[in-house]
2 protein chains.
Amino acid sequence: MSADTPESDTRLNEEKAREQLIELAAEFYDQFDHGDIPEMTLPTRTKSNIVFDEEAGVWVYGDRTSTRSANSVRGARKLLKAVYAVEFLAQQLDENRSSTLRELYYLSESWDSEEAQFNTQDESNQLIEDLEIVSGVTREDFHMRPEESGAKVMGPLKIREQTRRGDRDIHCQEDVGQGGYQIPNNPDTIEFLDNDAEFVLCVETGGMRDRLVENGFDVDYDSIVVHLGGQPARATRRLTKRLHDELDLPVVVFCDGDPWSYRIFGSVAYGSIKSAHLSEYLATPEAKYVGIRPQDIVDYDLPTDPLSDSDVNALESELEDPRFQTDFWEEQIELQLDIEKKAEQQALAAQGLDFVTDTYLPERLEDMGIV
Amino acid sequence: MSADTPESDTRLNEEKAREQLIELAAEFYDQFDHGDIPEMTLPTRTKSNIVFDEEAGVWVYGDRTSTRSANSVRGARKLLKAVYAVEFLAQQLDENRSSTLRELYYLSESWDSEEAQFNTQDESNQLIEDLEIVSGVTREDFHMRPEESGAKVMGPLKIREQTRRGDRDIHCQEDVGQGGYQIPNNPDTIEFLDNDAEFVLCVETGGMRDRLVENGFDVDYDSIVVHLGGQPARATRRLTKRLHDELDLPVVVFCDGDPWSYRIFGSVAYGSIKSAHLSEYLATPEAKYVGIRPQDIVDYDLPTDPLSDSDVNALESELEDPRFQTDFWEEQIELQLDIEKKAEQQALAAQGLDFVTDTYLPERLEDMGIV
């Protein structure tokens with residue numbers, strides 16, 4: 001999607017989504033018509049089948065595939081559910097409605113074939129992911145809203161959001177309260193009108209986000225502060241990617257110094273195994289990790305907590321994770337396993353409330369060539 | 001706080017907070033001066049010491065008290081920490097700064113007496129609650145920000161928020177995106193300018209909040225939709241109470257049909273044991289529970305999950321909870337224990353995506369005399 005024509009592009013994506021769904025149904029029809037047993041082929045979705053796409057710079061599925069076939073009762077039931085879901089989604093797009101994954105799960109109770117009803121929400125979630133993969137569009141294009149809403153933005157950026165109630169022009173400093181601009185479920189309804197930003201700073205915790213805003217970091221450093229709020233919602237990752245790609249802004253990620261936070265960075269930068277089919281849509285491979293780094297724990301003598309057993313396991317599993325196989329991460333993770341400590345972002349307060357904005361971030365960002 | 005003078009009242013509260021803190025320090029000084037061992041007396045904070053305040057209509061602490069005295073090393077250390085915290089808070093108010101509970105915990109590392117440093121964050125959190133109780137003001141008045149930010153608002157309401165960057169006038173339908181208006185950490189910075197609302201509808205889940213907004217429920221029913229986002233932050237509860245008290249709007253709460261959701265309602269309506277000293281500031285005792293009710297599970301044949309052991313325990317403990325000792329709740333909880341089922345808000349989608357806004361809520365709200 002380009003920066004200046006989101007409306008027409010949103011419509012294009014929806015039209016493509018609808019066509020892809022109908023095409024999938026038509027394939028089943030043709031298979032029946034030719035006397036073949038209907039089937040659907042998908043990439044195998046395990047860690048061993050993600051590979052690095054050099055061109056896109058993100059992790060994507062490899063060549064291994066699995067086939068869902070109607071040659072068993074179980075397989076036939078799966079395809080029946082897919083057909084019911086396709087019918088519902090095509091109708092939803094026709095009517096310009098939307099729904100959540102959970103609503104889809106419950107809606108299946110009203111479908112006339114009991115065989116087509118989902119047994120668990122895992123089953124309906126998985127089916128929507130399958131449909132994303134075979135159709136090559138995202139579930140947002142099917143008008144499936146996520147449960148978790150996006151986080152919030154504060155910075156020198158003016159946007160236009162298309163809402164069901166008309167367009168809204170919002171400057172993400174001047175037209176919002178201290179809480180900032182709330183990212184909508186589908187950030188492709190946002191058009192970037194104008195900005196004076198130098199870079200995007202994604203922040204894990206609400207406490208640190210509020211510290212940066214109170215200290216005026218977004219104003220002083222022309223920074224768009226994006227609150228991740230823990231593991232970021234798809235909407236937050238998508239918006240971050242668009243800020244990078246369309247406005248040509250560097251993206252840096254500021255998290256706690258523990259293995260779970262490195263995974264948060266990993267999902268922003270490289271995507272996740274679960275959504276590897278969406279990496280090109282959601283991941284920002286150029287994103288850089290600001291901190292907290294294990295080296296910071298040593299250099300700044302930060303207050304720490306000891307690593308738990310599950311922290312150690314998570315760090316060890318990150319050493320095996322293709323997303324973390326760089327010199328930087330290997331060095332930092334080995335160091336952390338060695339010192340056996342972790343530290344939170346807010347531990348920087350041990351050196352005073354302004355240390356993070358007066359010293360830590362400016363020095364680090366200068367080292368990284370961002371400011 | 002009255003609707004039309006939030007600015008001066010916010011300043012008054014801060015001035016009062018500062019005075020109360022200094023007074024507490026002065027008391028310790030006087031105790032020393034008279035050759036007494038310094039001490040601080042607080043209400044006992046357990047479930048058996050909350051009583052119903054008939055006048056205010058909320059649960060508050062009873063008459064039992066405990067005393068923190070410097071007559072032991074442990075007690076003396078506690079009071080030392082209190083004095084350091086009082087000094088920090090008074091300085092923070094002087095400089096018009098703010099901080100989070102977690103920052104306070106880390107800041108103590110920079111205090112010059114090692115004896116005054118907090119061992120755990122529980123300890124510093126508890127101390128701030130103690131200071132709220134003895135000073136009679138809220139931690140927001142000390143400029144202690146919560147970690148969790150408030151949720152979001154959509155409805156026919158125009159507000160003015162005082163921010164560090166100047167006042168912002170925002171209409172919570174016309175000037176916001178689909179995500180709505182983000183409640184700031186301290187909602188007492190909000191002034192209500194104008195509204196066309198008939199009632200306030202607090203909604204537990206994001207999925208249901210988005211459904212109501214997509215279906216235009218806030219427009220069709222002149223309703224201010226407040227997203228609770230699970231257990232609501234203090235800011236969300238405070239704003240809800242102010243909407244009720246200052247704009248004279250009825251408040252209804254719409255949650256999942258399980259014991260954890262009844263507790264969410266309980267904390268909106270009656271406050272919590274942990275924050276019983278703040279009930280008059282945070283609780284809206286006139287709030288009514290819309291649903292999901294166990295009776296709805298039966299009447300609408302909703303898709304359900306079986307009660308887990310912890311659900312059953314929670315329901316049984318609610319039967320003993322003074323906040324739930326009404327005919328309505330006893331009947332509903334007994335029914336739920338009997339049918340052994342729970343249901344989510346979004347389970348209403350089993351009757352179609354519009355059932356909740358076309359049928360369920362209008363009928364229920366009419367029964368309750370709200371619409």
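By how many degrees, between 0 and 90 and to the nearest 10, does the Cα long axis of helix B:234-247 differ from the longest principal axis of chain B?
For helix B:234-247, the angle is close to 70 degrees.
List the GluC sites (Glu not before Pro) in region B:22-126 that DSSP assigns to loop (not H, G, I, E or B) and whose Cβ has at most 16 other Cβ atoms within 10 Å. Which are they?
On the way: sites: B:Glu23, B:Glu27, B:Glu39, B:Glu54, B:Glu55, B:Glu87, B:Glu95, B:Glu103, B:Glu109, B:Glu114, B:Glu115, B:Glu123; in loops: B:Glu54, B:Glu55, B:Glu95.
When the GluC sites (Glu not before Pro) of region B:22-126 are filtered for loop state and at most 16 Cβ neighbours within 10 Å, B:Glu54, B:Glu55, B:Glu95 remain.
Need the C-alpha centroid separation for region B:10-78 versus region B:199-252, integer Å.
35 Å
For A:Phe32 paired with A:Glu174, estimate the spin-label separation in nm (one decimal), with each label point 7 Å from Cα along the Cα-to-Cβ line.
5.9 nm
Considering every residue in B:343-352, what mean count of other chain Cβ atoms within 10 Å of its Cβ is obtained? Could you put the intermediate results ahead of the total?
Details: counts 1, 3, 2, 10, 5, 2, 11, 8, 4, 3.
Mean partner shielding for this stretch: 5.
At a probe size of 1.4 Å, how large is the accessible area of A:Thr65, to the nearest 10 Å²?
That residue has around 90 Å² of solvent-accessible surface.
Once you list every other residue whose beta carbon is under 10 Å from the beta carbon of B:Val253, what net charge do they have if Lys and Arg are +1 and Asp and Glu are -1?
Working: positive: B:Lys288; negative: B:Glu204.
After counting each charged neighbour, the total is 0.
Hey, can you grab everything whose amide H is under 5 Å from the amide H of A:Asn195? Only 5+ residues off in sequence or another chain; H modelled, so Pro and N-termini drop out.
Excluding prolines and chain starts, which carry no amide H, the hits are A:Lys158.
Order these peptides, B:210-217, A:335-342, B:313-320, by their mean beta-carbon neighbour count within 10 angstrom, highest first. All intermediate terms of the calculation are to be shown ahead of the outcome.
Working: B:210-217: 21.2, A:335-342: 16.9, B:313-320: 14.9.
Going by the mean number of other Cβ atoms within 10 Å, highest first, we get B:210-217, A:335-342, B:313-320.
State, to one decimal in nm and shortest first, how far the label point of B:Leu335 sits from each corresponding label point in the other identical copies (label point: 7 angstrom along Cα-to-Cβ).
Those separations, rounded to one decimal, come out as 6.1 nm.
Would you tally the net charge around B:Ile22, using a Cβ to Cβ cut-off of less than 12 Å, leaving B:Ile22 out, and scoring K and R as +1, D and E as -1? Provide the component values of the computation, followed by the final result.
Values: positive: B:Lys16, B:Arg18; negative: B:Glu15, B:Glu19, B:Glu23, B:Glu27, B:Glu87, B:Asp94.
Combined, the nearby Lys, Arg, Asp and Glu give -4.
Considering only protein heavy atoms, with the full assembly of protein chains and a 1.4 angstrom probe, order A:Met144, B:Met368 by accessible area, largest first. Please report the intermediate quantities before stating the final value.
Numbers: A:Met144 0, B:Met368 55 Å².
So the residues, ranked largest to smallest area, are B:Met368, A:Met144.
Over the whole of B:105-113, what's the average partner chain Cβ count within 10 Å per residue? Rounded to a whole number, please.
5
Over 5 Å intervals from 0, what percent of Cα-Cα pairs in region B:93-166 sits in each interval?
With 5 Å bins starting at 0, P(r) equals 3, 12, 17, 22, 18, 11, 8, 5, 2, 1, 0.
Among residues other than A:Ala70 whose Cβ falls under 10 Å from its Cβ, what is the net charge (Lys/Arg +1, Asp/Glu -1)?
Working: positive: A:Arg68, A:Arg74, A:Arg77, A:Lys78; negative: A:Asp36, A:Glu39.
So the environment of A:Ala70 carries a net charge of +2.
If you rank A:Arg45, A:Arg209, B:Arg77 by how much accessible surface each has, with a 1.4 Å probe, what is the order from largest down? Intermediate values should be presented prior to the final figure.
Details: A:Arg45 55, A:Arg209 5, B:Arg77 90 Å².
Heavy-atom accessible area, descending, gives B:Arg77, A:Arg45, A:Arg209.
Lysine pairs in chain B 8 or more apart or on different chains: how many have alpha carbons under 19 angstrom apart? All intermediate terms of the calculation are to be shown ahead of the outcome.
On the way: B:Lys47/B:Lys274; B:Lys152/B:Lys241; B:Lys158/B:Lys241; B:Lys241/B:Lys274; B:Lys241/B:Lys288.
Value for chain B: 5.
Per-residue ellipticity at 222 nm for chain B, helices alone: DSSP H runs ≥ 4 residues times -39500 (n - 2.57), over residue total, nearest 500 deg cm²/dmol? Show your work: numbers first, answer last.
On the way: 13 runs with 153 residues, N = 371.
Per the formula, -12500 deg cm²/dmol.
Rank these residues by their accessible area, most exposed first, probe 1.4 Å: A:Trp260, A:Trp329. Display every interim value, and only then the final one.
Numbers: A:Trp260 110, A:Trp329 10 Å².
Largest accessible area first, the list is A:Trp260, A:Trp329.
For the protein assembly as shown, give the share of DSSP beta bridges that are antiparallel, in percent and rounded to the nearest 5; count only bridges with both residues there. If you can, show how the numbers build up before the last one.
Values: 54 of 82 bridges.
DSSP beta bridges in the protein assembly as shown are roughly 65 percent antiparallel.
Choose one answer from A:Val58, A:Val219, A:Val298: the residue with the largest mean-square fluctuation in a GNM of chain A with alpha-carbon springs under 10 Å.
So, out of A:Val58, A:Val219, A:Val298, the one fluctuating most is A:Val298.
Hey, got a sec? Which GluC sites (Glu not before Pro) in region A:221-306 land in a DSSP loop and have at most 14 other Cβ atoms within 10 Å? Spell out each step's value before the answer.
Values: sites: A:Glu246, A:Glu280, A:Glu286; in loops: A:Glu286.
Answer by residue number: A:Glu286.
So who's got an amide H within less than 5 Å of the one on B:Asp53, skipping anything under 5 residues away but keeping other chains? H placed 1.01 Å off N, in plane.
Amide H neighbours of B:Asp53, under 5 Å, 5+ apart: B:Val58, B:Trp59, B:Val60.
Between A:Leu335 and A:Thr46, what is the label-to-label distance in nm when each label sits 7 Å out along the Cα-to-Cβ direction?
Inter-label distance under the simple model: 3.6 nm.
On the Cα set of region B:221-288, report Rg and Dmax in Å, please.
Cα-based Rg and Dmax for region B:221-288 come out at 11.2, 35 Å.
Taking the dipole about the Cα centre of the protein assembly as shown, with the C-beta of Lys and Arg at +1 and of Asp and Glu at -1, give me whichever of B:Ser69, A:Ala269, B:Leu157 is farthest to the positive side.
Value: B:Ser69.
The values are calculated or read from the model by the stated rules, or taken from the named source; none is laboratory data. Predicted model only: the values in this text are computed from it and were never measured. Positions of Cβ are generated from backbone atoms using ideal geometry, with glycine treated the same way; all protein chains shown enter the neighbour counts. Areas reflect the complete protein model, heavy atoms only, side chains present, ligands, DNA and RNA absent. Shrake-Rupley method; radii C 1.70, N 1.55, O 1.52, S 1.80 Å.
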